[in-house]
1. Which semi-axes, in whole Å and largest first, does the equivalent ellipsoid of the chain have when worked out from the alpha carbon gyration tensor as the square roots of 5 times its eigenvalues?
2. How big is D, in µm² s⁻¹, for segment 75-189 by Stokes-Einstein at 4 °C and 1.567 mPa s if Rh is the Kirkwood radius over C-alpha pairs?
3. Relative contact order for segment 166-258 using alpha-carbon pairs under 8 Å, separation at least 6, rounded to a whole percent?
4. Percent antiparallel among DSSP beta bridges with both residues in the chain, to the nearest 5?
5. At 222 nm, what value in deg cm²/dmol follows for the chain if DSSP H runs of at least 4 each add -39500 (n - 2.57) and the sum is divided by all its residues, to the nearest 500?
6. Which peptide among 10-22, 113-125 comes first, and what is the full order, when sorted by highest mean count of other Cβ atoms within 10 Å?
7. Extent of segment 1-138 along each principal axis, from alpha carbon coordinates, in Å, largest to smallest?
8. I need to check one value: relative contact order of the chain, counting alpha carbon pairs closer than 8 Å and at least 6 residues apart, in percent.
Amino acid sequence: MDPARPDVPAGYDPADYPPFAVTVDVVLMAVVDDELRLAVIRRAAEPQAGAWALPGGFKRPDETLDEAAVRELGEEAGARVPRLAQFGAYGDPGRDPRMDVVSVAYAATLDAAVPLRAGTDADAARWAPVADVLDGALPLAFDHARMVADARERLAEDLERTDAVLSLLPEEFTVSRLRRTYEAVWRLDLPPEERDDYALDKRNVRRSLSAEAGPFLAPTGRSTSDLPDSSRPGRPASLQRPTAAWRSGSPLRRPRRRG
């Protein structure tokens, strides 16, 4: 028995098993100008120095996976989020040239694109369109593009089944902004040449929000003219807040592609 590790069973030798490291990576997303974007950092160190990547890094022995994800997001991108959720693990051979590395991936959503600040082993940070990653216009280091695709798909499913869309919205919002937030996520189901024409039917959206399980929204008595950026052209729109009906799930369903 190793006196420094009394809980290790007698006869057990860690050297009998292949060593590997554990990392965490974070897909942080927000809808900006009706477009789904994510936080990326530019790597300042090898491997793949100069490549864009997800914020992340190695888990320390004295921290949990959740603690490591929160720390790496703060250190590399200067971002803090209220909640991170695991959505997958990635451990294919050769995914990292340094050694056998298993990465636990986290996802988070914000109602606005918070300022990003590059730190530690990153030399730049920015909000990039998720579409650019999915289409290959923005290559990412390692297998991070796969993580982004999986996180986006998970978000698209959650928007249909749960109240996840509310995490992409402020406390008060217009029906139009709610609809455009759904569209920003779901249009990425389509090939690039079809996305510009994608739109949810406005009448069906309003009908769904007032369905038997609802109403899902309640007017606040305020309008967009009460907002700091109220200089936008057009007639002021009523600001809404979500009701308890969202606990039963989303009022909208993800359109299915024909054929």
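1. Numbers: eigenvalues 314, 84, 68 Å².
Semi-axis lengths for the chain are 40, 20, 18 Å.
2. Working: Rh = 15.9 Å.
It comes out at roughly 81 µm²/s.
3. Working: 84 pairs, mean separation 29.0, N = 93.
31 percent.
4. Details: 26 of 37 bridges.
Here the share of antiparallel DSSP bridges comes out near 70 percent.
5. Values: 6 runs with 60 residues, N = 259.
Calculated mean residue ellipticity at 222 nm is -7000 deg cm²/dmol.
6. Working: 10-22: 8.8, 113-125: 16.6.
Output ranking for 10-22, 113-125: 113-125, 10-22.
7. Computed over segment 1-138, the largest-to-smallest principal extents equal 60, 30, 25 Å.
8. Values: 431 pairs, mean separation 46.9, N = 259.
Normalised by residue count, the contact order of the chain is 18 percent.
FYI, it's all coordinate maths here, none of it is from the lab. Values in this document were obtained by computation on a predicted structure and should not be read as measured data. Note that we place each Cβ from the backbone using ideal geometry, even for glycine, and neighbour counts take in every protein chain shown.
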